[in-house]
Every structure is written in structure tokens, then in C-alpha cells.
Amino acid sequence: MDLELEPSLESIITQDSLKWIFVGGKGGVGKTTTSSSVAVQLALAHPNDQFLLISTDPAHNLSDAFCQKFGKDARPVEGLSNLSCMEIDPEAAMSDLQQQAQQYNNDPNDPLKSMMSDMTGSIPGIDEALSFMEVLKHIKNQKASTNDSNEKNEAISYKTIIFDTAPTGHTLRFLQLPATLEKLLSKFKDLSGKLGPMLNMLGGGQQQDMFGKLNEIQVQVAEVNEQFTNPDLTTFICVCISEFLSLYETERMIQELMSYNMDVNSIVVNQLLFAEGDESSCKRCESRWKMQKKYLDQMGELYEDYHLVKMPLLGCEIRGIENLKKFSKFLIKPYDPKTDGGLLLAPIDSGIFIIMARGNQRDLARAKNLKKQQENQKNQKKSGDPSKRMESDADKMRRKQAEADARKAADAANGRKK
Ligand SMILES: Nc1ncnc2c1ncn2[C@@H]1O[C@H](COP(=O)(O)OP(=O)(O)OP(=O)(O)O)[C@@H](O)[C@H]1O
Ligand SMILES: [Mg+2]
Ligand SMILES: [Zn+2]
């Protein structure tokens, strides 16, 4: 048997049992492009099955990638009817329990306060877990939108669900939760037994309520955990670029995922220049390609038992279903600069989607967020939720850009008239 796995995602696309595919990596490396490409290839390979691509990143960009507006409910992709997308606001997916816990935190005299903040604060992953459970619930409830008979309004069953994860890297921290939750619950039982009478005086009903919910969550978390650590059902695709820092971060991510017992056997190396023997490439591209090759070689050695997929850096953004179809082919059939070098992407419709955040705008938004976060940390003020801030920043950014584009368009129109 050959030790090296083939440099493509073909086995993931054809593997029939996979229910969950996570795509992750640091900011800007191409997670959204890759997860969209994986979803497109899956949908093309299994025309009789339904697929769902989900973003839980507050700075959503599935809409940007597909040039089509998506929202919190699954909506079919125009031009690929067996693929749907949804962009879920993790903030809105906050569970009752989280909300309750937050209210608790507002009352400084409540004896349960420290326990509640223990529960939702100091336990890494509980927030993610709660939000994630809500997301799963939401997926389960998706109804077929094209169902005209109002009697059988059944939920759609998706063959595979693909997650475009946020670049925070902690998306899956909650996979370590079951053990932690168990500890916490027994502590909670203990305490509420001892403090029972007193707690009853201080709104015991709510406490009972919460206790029941915690138990329920523990069961759910354990169930989800079992699925996500089963390599027949779940896999994780790492996306990176061929640079030192990205290589280092990828290794860290793989270590972390392995500590959660999650299956990782594919790495997509994106944005490769393939500048060899390419007449159109300049000195800069050539020397950059040299550097990329150096790290590619290292990865080849480090990850010989992984599917190491090499994706080309194209001359422009990869947006729209037609372009995603073209690009995503190279996930299956490795890119060959000799024969594939002339690949041309279709021009993007200059409709309303030009107003969505573009690459550089996203960088600006990211830089702004970072600055804000740093300022907030400096002030040690915990006002507001970071994901809420990010969301509203992304919104502001989009609005600003829409305004700028509208102005530009108006100027252009005026210019033409004159
Ligand atoms: N191989 C490639 N060739 C050309 N452009 C690419 C390639 N991969 C990604 N891009 C472009 O780079 C930009 C960022 O890619 P993408 O949105 O997929 O990254 P991301 O990792 O999801 O970013 P974020 O961390 O902001 O979510 C997009 O405009 C995308 O079209
Ligand atoms: Mg993204
Ligand atoms: Zn060049």
C-alpha cells in the first residue's frame, strides 16, 4: 500500500457516509472559497442529494462568494439547486440558558452569580456549545421551501452539512466539553443540595429550570460529540497558505483538533503561484513561488499521510457559482499549470453584489476589529459581546461601501450625461 495519500479531496467527495465537514484555518487564507468549493463539488457529484453550507462567522461571506444574498434560513444556490446556504448569526443563536445566565450576571447580589459566570465564562467551550446546539436545532427545522402542499411540510434532510468556520480557531473547543460539563453538573447538584432552602427563597424556580436545562444540554453535547469524533461521519479540512506562519498555525490547529479526537486528513494549500516555466510570471512571482515550494516540500514531509491539495492563486477573486465550479475542479483533479494555466474566470455580474465587502474592505474591517478589541482589552471594560461588535462592524462596513459605490455610480452616470 502506498503511504502517501493522493493530493486531492476526491475521497471526501465520494465518501458516502460523511455527514459533517468542517473547513477551518486562519483569516483570509481561503476558508470560504474552499468550503464553497467543497460544497459545490459535493452537490455536483451527488445530484440526487441535498447539501447545506453554513457560515457561523459573524463577518459572513458566503453571500460574497456566491454573489447571492443568504440569510439565517437555508436558501438554494441559484444555478445549483441541490446546494443551499445559510448564514447564522451566532449571537442570535444564543440559547435561553445563556440569556438566563447573563441576566443572572447582572445582579451582583445573587449567590448563584459566581456559579453562573463559572458556567458560561470560565469553562472554555460552553458558549460555543450552546450556540452550536441552537444552530443544529435550527438546521433540523429547515423546511423544504418549494413545498406547495401545506400538509406535508417536512424538514429537509441534508446528506452532508459543510461548515465554513470563523477564523478564531476555537470553533470546536466545545468538543472537550462532556467531561467538563459532568464535573460542573455534579458540583451544581452538590451546591444546590446544600444551599437548597436558601436558593428557594431567592427564586428557586428559575434555578430548577436551569438545572433541568443543564442536564438536557449535557445529553445533547454528548450526542453531538459522538458524531463529531466519528471519522465515518465527520472530517475537518485545514486550509493554509505556503508560508512559515501559516504552516506553524496549521500544525497547531491539527494538534488541537487531534486533542478533540476529531478526524483530520486533508490540508488545502491555497494561493500557490506555480510560476515555473510560466512566461507571464515576473521576478517577484518567481521568487515567491520559490519560497512557496520550500514550505510545500516541508509540508509534503510533515503530512505525507494527509491529502495535501495544492490550489492555484488565480488572477482575480473567485466569486459566483460558475467561477466556483471552475476553481473547485482542482480539488478533485490536481491543477496542472501547463494545461490549466489559461483558465479564465467569468466576469462577475456587476449587480448589487459589487457593494458587498470585498477583499481589501474585509482587511480593513478586520484591522478595525482588532484595534477595537485591543482598545477594549486595554480599558478592561467588558461592554458588549465581541461577536456583536464584529457583526455590527461588518454591517457598517457593508453600508459604507454601499454608499461609496452608489456615489461612484451616480458620479459615473453624471459624467456620462455631461
Ligand atoms: N486561490 C485563490 N485565487 C484567487 N483568489 C482567491 C483564492 N483563494 C481565495 N481568494 C480570494 O481571496 C479572498 C479571501 O478568500 P476567502 O474569503 O475564501 O478567505 P477566508 O479564509 O474565508 O477569509 P476570512 O477569514 O475573512 O473569512 C476572496 O476575495 C477570494 O475570492
Ligand atoms: Mg471566510
Ligand atoms: Zn508576477
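The values are calculated or read from the model by the stated rules, or taken from the named source; none is laboratory data. This one's a predicted model, so the numbers in the text were calculated from it and none came from an experiment. With ideal geometry, Cβ positions are generated from the backbone for all residues, glycine too; neighbour counts draw on all protein chains shown.
One table, with the values for the structure above:
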read-out: Of the criteria (1) within 27 Å of residue 249 (Cβ to Cβ); (2) part of a loop (DSSP other than H, G, I, E, B); (3) under 15 Å from the mean Cα position of the chain (by Cα), which one residue 71 fails; value: (1)
read-out: Scan of the stretch 260-280 for residues that are within 16 Å of ligand 3 (Cβ to nearest atom) and outside any strand (DSSP E or B), ordered by number; value: 273, 274, 275, 276, 277, 278, 279, 280
read-out: Filtered residues of the stretch 326-352 (kept if assigned to a loop (DSSP other than H, G, I, E, B) and within 24 Å of residue 6 (Cα to Cα)); value: 332, 333, 334, 335, 336, 341, 343
read-out: Members of the stretch 152-186 that are more than 22 Å from the chain's Cα centre (by Cα) and at pLDDT 75 or above; value: 155
read-out: Residues (surrounded by fewer than 24 Cβ atoms within 10 Å (Cβ to Cβ) and more than 21 Å from residue 333 (Cα to Cα)) located in the stretch 30-53; value: 48, 49, 50, 52
read-out: Filtered residue count, the stretch 281-325, keeping only those that are among the small types (Gly, Ala, Ser) and either assigned to a helix (DSSP H, G or I) or touching a Pro at 6+ places or on another chain (Cβ under 6 Å) (or both); value: 2
read-out: Test: residue in the stretch 285-297 that is aliphatic (A, V, I, L, M) and at pLDDT below 95; value: no
read-out: Failed condition for residue 236, given (1) farther than 21 Å from residue 176 by Cβ; (2) of a type in the set (Phe, Trp, Tyr); (3) buried (at least 21 other Cβ atoms within 10 Å of the Cβ); value: (1)
read-out: Test set (1) under 26 Å from residue 173 (Cα atoms); (2) modelled with pLDDT under 95 - residue 30 fails condition number; value: (2)
read-out: Scan of the stretch 41-62 for residues that are more than 13 Å from ligand 1 (Cβ to nearest atom) and assigned to a helix (DSSP H, G or I), ordered by number; value: 41, 42, 43, 44, 45
